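One structure is given below, encoded as structure tokens.
Every number in this text was worked out from the coordinates using simple rules, so none of it is lab data. Predicted model, so just to flag it, every value in this text is computed and none were measured. Here the Cβ positions follow ideal geometry from the backbone for every residue, glycine too, while neighbour counts run over all protein chains shown.
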Amino acid sequence: MYLNFTMDIVSNYFEKGLVLVIADLLSLITVSSCLVIKVPQINTIRANKSSQGISVLGLCIELFSYTVMISYNYSSGYEFLSYMEYPILLLQEYALIYYTFLYQNLLGVRTQIVAVFYAVVATLIYLKLFPLVILAFLVPFCTPIGATSKVLQLISILRTKDASSVSRTTWALSAFTNMTRIYTVYVQSNDLMLLSNFLISTFLSSSVFAAACFYKKKVKSA
């Protein structure tokens, strides 16, 4: 009886069509990739003991974007599963920022003051004492902010002509996950704003990946 019940569920699921089944599979792969997407970058910096070519401003902007998205979802009382990937990315972002700042000698008093201020605001958000209206105002800016962080990273590589500390795996995963979202959004909602966001993100992540490949090869041949 249990086997028949399970088979019925599976059968009903596949009845919705192969296109949507593939979309669900890609969504699962995307979320799973977020568990380790920044780990190769962190390991590269630690192994090289250098964060040359990493954009500090880009990381800070990305941190702002992740924080706003998590804070808005949490303060609004949404289900954790609907924004689970953001806390995972944020924890990795903390580690990435720490090692980047460490090897660029930026862990000074000013950075510590900013970190304390960030912790105070985060605590207020956790206690739901931070005005939700401010978070709602900031959310629409997260999309262009995310694109800006990628542009800054690309500019940093092109300016320094050094990608020795830039993980190609991280940016390849970033391009891949954004590409999968193009398919899932097109199939499930066809939201033009989301589609344009992921198209831009895919292009920029691919550009950073290409630049990292080019300048790493150049450094090795020198």
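So here's what we get for this one:
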quantity: Spin-label model distance (nm) - Gln104 vs Lys161, 7 Å beyond Cα toward Cβ; calculated: 2.1
quantity: Rg [Å, one decimal], Dmax [Å, integer] - the stretch 19-221, C-alpha atoms; calculated: 17.4, 55
quantity: DSSP loop trypsin sites (Lys or Arg not before Pro) with at most 15 other Cβ within 10 Å: longest gap in the chain; calculated: 50-127
quantity: Rounded to 10°, Cα long-axis angle of helix 109-126 versus longest principal axis of the chain; calculated: 20
quantity: Segment Leu25-Val116, extension gain: residue separation times 0.36 nm, minus the distance between their alpha carbons; calculated: 28.7 nm
quantity: For Ser189, Ser196, Ser27, order by how many other beta-carbon atoms lie within 10 Å, fewest first; calculated: Ser189, Ser196, Ser27
quantity: Inter-label distance, nm, simple model (7 Å from Cα along the C-beta direction), Val39/Cys213; calculated: 2.4
quantity: Length-normalised contact order for the chain - Cα pairs under 8 Å, 6+ apart - percent; calculated: 32
quantity: Ranked Ile113, Ile182, criterion: other C-beta atoms within 10 Å, fewest first; calculated: Ile113, Ile182
quantity: Pairwise label distance in nanometres, Ile88 with Phe130, each label 7 Å out on the Cα-Cβ vector; calculated: 2.2
